[in-house]
1. Quick one: would you say ASP94 is open to solvent by less than 70 Å² (accessible area, probe 1.4 Å), in a helix (DSSP H, G or I) and without any contact (Cβ under 8 Å) to a residue 24 or more places away in the chain?
2. Identify all residues within segment 138-169 that are touching a helix residue (DSSP H, G or I) at 6+ places or on another chain (Cβ under 8 Å), within 27 Å of LYS37 (Cβ to Cβ) and at pLDDT 85 or above; write none if there are none.
3. Please specify each residue of segment 102-122 satisfying the condition of being open to solvent by less than 50 Å² (accessible area, probe 1.4 Å), over 10 Å from LEU4 (Cβ atoms) and assigned to a loop (DSSP other than H, G, I, E, B).
4. State yes or no: is TRP126 in contact with a His (Cβ under 8 Å, 6 or more places away or on another chain), open to solvent by 30 Å² or more (accessible area, probe 1.4 Å) and either without any contact (Cβ under 8 Å) to a residue 24 or more places away in the chain or on the phi < 0 side of the Ramachandran plot (or both)?
5. Let me spell it out: the conditions are (1) buried (at least 18 other Cβ atoms within 10 Å of the Cβ); (2) over 18 Å from the mean Cα position of the chain (by Cα); (3) under 15 Å from GLY9 (Cα atoms), and ARG174 meets all of them except one. Which number is the exception?
Amino acid sequence: MAKLYFRYGAMGSSKTANAVMVQYNYRERGRQVLMLKPKLENRDGATIVRSRCGLEAECRFVEELPQINLDHIECVIVDEAHFMTADQVRKLVDIVDEHNIPVICYGLRTDFRGELFEGSRELLRWADTIEEIKTICWCGRKATFNARVHDGRIVRDGEQIQLGGNSSYISLCRKHWKDGNLGSFENLNMED
């Protein structure tokens, strides 16, 4: 029986790398995989998902899903799933329930303020299996929060969605996120 999976983690936890590796494993065994991402996520090009470590795969957009023929698809993988709408998540639920196709979603749980994204909220509600992909804070503890950074300080206000990489965000444990303690953020690799 197919399931809807939500694999979440803080920024830098290798979510996209995991997504690309899972689609590679399916394809290596001759399986048909549909890799998707929301149109909003365009940092790496329109139809590419790319991890920070350089793994990449071609993809289509979540917004195209109603027009995609799923007859020969054996798995759907969604990167940046937190950017999805509630309706898009429910469409994925229907794919699992009506087509018996497993759907694996990768994304953030919360934004830089600690608030759930719409897509994440719905995935936490509807997913059959919820798995955390872990990464660490500068102090060595598990990082669970995504801090938005500007001029060496944590930003607490602003639009929920602002695309960015290592120069704009850092993953922190709850304590250091609450305290606004970036550790040696300035000494980290600051490339996007």
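The values are calculated or read from the model by the stated rules, or taken from the named source; none is laboratory data. Just so it is clear, the model here is predicted, and its values are computed rather than measured. Note that we place each Cβ from the backbone using ideal geometry, even for glycine, and neighbour counts take in every protein chain shown. Accessible surface areas use protein heavy atoms only, side chains included; no ligands, DNA or RNA. Shrake-Rupley method; radii C 1.70, N 1.55, O 1.52, S 1.80 Å.
1. It is true that ASP94 is open to solvent by less than 70 Å² (accessible area, probe 1.4 Å), in a helix (DSSP H, G or I) and without any contact (Cβ under 8 Å) to a residue 24 or more places away in the chain.
2. If the condition is that a residue be touching a helix residue (DSSP H, G or I) at 6+ places or on another chain (Cβ under 8 Å), within 27 Å of LYS37 (Cβ to Cβ) and at pLDDT 85 or above, then THR144, PHE145, ALA147 are the ones that fit.
3. Taking segment 102-122 and keeping what is open to solvent by less than 50 Å² (accessible area, probe 1.4 Å), we get 102-108, 110-112, 114, 117, 119-120, 122.
Those left that are additionally over 10 Å from LEU4 (Cβ atoms): 106-108, 110-112, 114, 117, 119-120, 122.
LEU108, ASP111, PHE112, GLY114, PHE117, listed by residue number.
4. No.
5. (1)
One line per residue, one yes/no per condition, for (1) farther than 25 Å from ILE170 by Cα; (2) modelled with pLDDT under 90; (3) crowded, with 21+ Cβ neighbours inside 10 Å:
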{"position": "LYS3", "(1), (2), (3)": "yes, no, no"}
{"position": "ALA10", "(1), (2), (3)": "no, no, yes"}
{"position": "THR16", "(1), (2), (3)": "no, yes, yes"}
{"position": "MET21", "(1), (2), (3)": "no, no, no"}
{"position": "ASN25", "(1), (2), (3)": "yes, no, no"}
{"position": "ARG31", "(1), (2), (3)": "yes, no, no"}
{"position": "MET35", "(1), (2), (3)": "yes, no, yes"}
{"position": "LYS39", "(1), (2), (3)": "no, yes, no"}
